[in-house]
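What follows is a short report on a single structure.
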Amino acid sequence: WTAVEGQAFTDILYDRTEGIARISINRPHVHNAFRPETLVEVMKALRHARFDPEIGVVILTGVGGKAFCSGGDQRVRGDDGGYKDEEGVHHLNALDLQREIRTCPKPIVAMVAGWAIGGGNVLQLLCDLTIAADNARFGQTGPRVGSFDAGFGAGILARTIGVKKAKEVWFLCRQYDAQQALEMGWINTVVPLERLEEETVAWCRQMLTLSPTALRVLKAAFNADSDGAAGIQELAGNATALFYMTEEGQEGRDAFLEKRAPDFSRFRRRP
Ligand code: 2NE
């Protein structure tokens, strides 16, 4: 792997080898949770890879072997509808990255070791293929931490593993190991952690031998009938932003940060 020149990043690593670009979230101290700056950098690298004619496939991964990504960094989740950047502006820019993963015409492979949780699971879900290590664990936490992804995070999960299972994932906030995820069709394959990179690169190399135009059109085809859900995703993102401004949403975040169970008992169950 060689670092891509001319690209300076703080939250990610961006490197390449023989037709493959690799974007790695580099915040292992928080299990690769993303802050707004992280996502800006991932999108910048993804656009660079998209427009580089030498690159045919992109790998999205996390540094450290213990986590792919644990979703939004709850330490910078503010009260004003999103995650605060260094200027204090609130974002839900994970949703922008979700759309860019879908519209990038090159295959994107999630290489998952360890946790793929919350918005991190949604990112791997939206990648075209997922190669998981045997230590991978998947799940959603939204209803526990006062969040939800009622756009692609709900809709594409239901299309991928079925409506009943997707409801189970979101309604119970349990975690699933790599073998369980494989059986549900949530991911493509499971390999021992020490073989994760080798296997992922082998899958990428196989795609590199194939017609880029055929792959490009097929990716668009697989997304076409759910592209209308991009409008739902936009609306759902606005709903999440509003929810983040409520005490109910903030209780989930605060409980996580205070390392205690959330107490939602004071919030009404509306008819
Ligand atoms: C991932 C999980 C289950 C791992 O648990 P464990 O016990 O193995 O690790 P631990 O001790 O929880 O995590 C290690 C360190 O990373 C931090 C922790 O606070 C801890 O820090 P220290 O105590 O060592 O200082 N950490 C982990 N995840 C973090 C996060 N997301 N934000 C900030 N710090 C984090 C466990 O860590 C976990 O459940 N993490 C939270 C997962 C989560 O709820 N993510 C957000 C979901 S909402 C979302 O992603 C989202 C959305 O719904 C809509 C739009 C955009 C984003």
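The values are calculated or read from the model by the stated rules, or taken from the named source; none is laboratory data. All figures in this text were calculated on a predicted structure; none of them were measured in a lab. Cβ placement follows ideal geometry from the backbone for every residue including glycine, while neighbour counts extend to all protein chains displayed.
The helices (runs of 4 or more DSSP H) found wholly in region 101-178 and carrying at least 2 residues that are within 15 Å of the ligand (Cβ to nearest atom), more than 12 Å from the chain's Cα centre (by Cα) and modelled with pLDDT of 95 or more occupy 142-145, 152-161, 163-172.
Comparison of GLU234, GLU251 shows that the only residue that is surrounded by 14 or more Cβ atoms within 10 Å (Cβ to Cβ), within 16 Å of the ligand (Cβ to nearest atom) and in contact (Cβ under 8 Å) with a residue 40 or more places away in the chain is GLU251. Applying a threshold of 6 Å to beta carbon distances and a minimum spacing of six or more residues, or different chains, the list of pairs starting in region 258-271 at a residue that is closer than 17 Å to ARG144 by Cβ and ending at one that is among the small types (Gly, Ala, Ser) reads PRO262/GLY252; PRO262/ALA255. Against the criterion of being farther than 26 Å from GLU100 by Cβ, assigned to a helix (DSSP H, G or I) and more than 15 Å from the ligand (Cβ to nearest atom), GLU197 does not qualify. Here the condition is being over 30 Å from ALA221 (Cβ atoms) and out of contact with any Lys or Arg (no Cβ under 6 Å at 6 or more places or on another chain); of GLY81, GLY19, it holds for GLY81 alone. For region 66-85, which residues satisfy the criterion of being out of contact with any Asp or Glu (no Cβ under 7 Å at 6 or more places or on another chain) and either more than 6 Å from the ligand (Cβ to nearest atom) or at pLDDT below 95 (or both)? Those that are out of contact with any Asp or Glu (no Cβ under 7 Å at 6 or more places or on another chain) and either more than 6 Å from the ligand (Cβ to nearest atom) or at pLDDT below 95 (or both): LYS66, ALA67, PHE68, CYS69, VAL76, ARG77, GLY78, ASP79, ASP80, GLY81, GLY82, LYS84. Here GLU54 fulfils each of the conditions (1) free of Cβ contacts under 8 Å to residues at least 40 places away in the same chain; (2) in a loop (DSSP other than H, G, I, E, B); (3) near the ligand (Cβ under 9 Å from one of its atoms) apart from (3). The residue list GLY64, GLY81, GLY88 contains one member that is more than 12 Å from the chain's Cα centre (by Cα), of a type outside the set (S, T, N, Q), over 30 Å from GLU248 (Cα atoms) and in a loop (DSSP other than H, G, I, E, B), which is GLY64.
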